[in-house]
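Shown next, in structure tokens, is the structure this report addresses.
Coordinate-derived values only; no laboratory data. Quick caveat: nothing in here was measured; it's all calculated off a predicted structure. Using ideal geometry, Cβ is built from the backbone for each residue, glycine included, and neighbour counts are taken over all protein chains shown.
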Amino acid sequence: MRRLVIWSAPLVLVALATTGCIATRDWVNENLGKRQVQIDDRFSRVDGAVKDVGDATKAAQGRADAANDRAEAAQGRAEAAVGKADDVNSRLSRLWSGRNKRTVVETLHVQFAFDRSDLSDGAQTALLGIVKELKTNADLSVDLEGYTDPTGTREYNMALSQRRVESVRRYLIENGADLARIHYIGMGPLTAANSEHAKLRRVTVRLMVNPTD
């Protein structure tokens, strides 16, 4: 009986050790599994963050490209404005340099309605007389100066005076006047009492004779 007890004790210890090893292995596996889940979750968050950064970078690049396109368009408009300004300066210089070389034959004022640049029937009839004179005498040329009243901003009135000049010039050309003999410029607003504003909305047409010497 004593031998049986003695031999049974080691077997119990071995069984306990075996059971402990299995429990430890299960615990390790369980914790490794949890750790793997945590690692996978962390990688997923990192991948999401990287994707978000990539999307944000693409969006920022798109905005930068759009801003660059707007800047190029603005530069184009600025260059066009400079070109128009140079054209105006050129016409001014041409008119100024030739002011003493030609003589005024006739002066006509073409009137316009408020904030309008279209020609009235009376203005068209008067301009046909100018066209007839230009066709009859090759030594004649015409100077056109556009004006507005002071209502509104100077920038707007400069553009309006130019549109009025263009209306007169276009009508002269459409009716047979020689383009090379027409000098034109928009001068912008004039200043006068309110009661005189209607007289300021005009294009002054000067029929000029060139020197014969």
(message) Quick check for you: which residues of segment 150-166 have the amide N under 19 Å from the point 7 Å beyond the Cα of residue 194 toward its beta carbon?
(response) 150-153
(message) Give me the net charge for the shell around residue 179: Cβ to Cβ below 13 angstrom, other residues only, Lys and Arg +1, Asp and Glu -1.
(response) 0
(request) Quote the relative contact order of segment 105-213 in percent (integer), defining contacts as alpha-carbon pairs under 8 Å separated by 6+ residues. (result) 44
(message) Quick check: net charge around residue 196, other residues with Cβ under 13 Å of its Cβ, Lys/Arg +1 and Asp/Glu -1?
(response) +2
(message) Net charge within 9 Å of residue 147 by Cβ-Cβ distance, Lys/Arg positive one each and Asp/Glu negative one each, not counting residue 147 itself?
(response) +1
(request) Taking just the C-alpha trace of segment 104-213, give me its Rg and Dmax in Å. (result) 14.0, 46
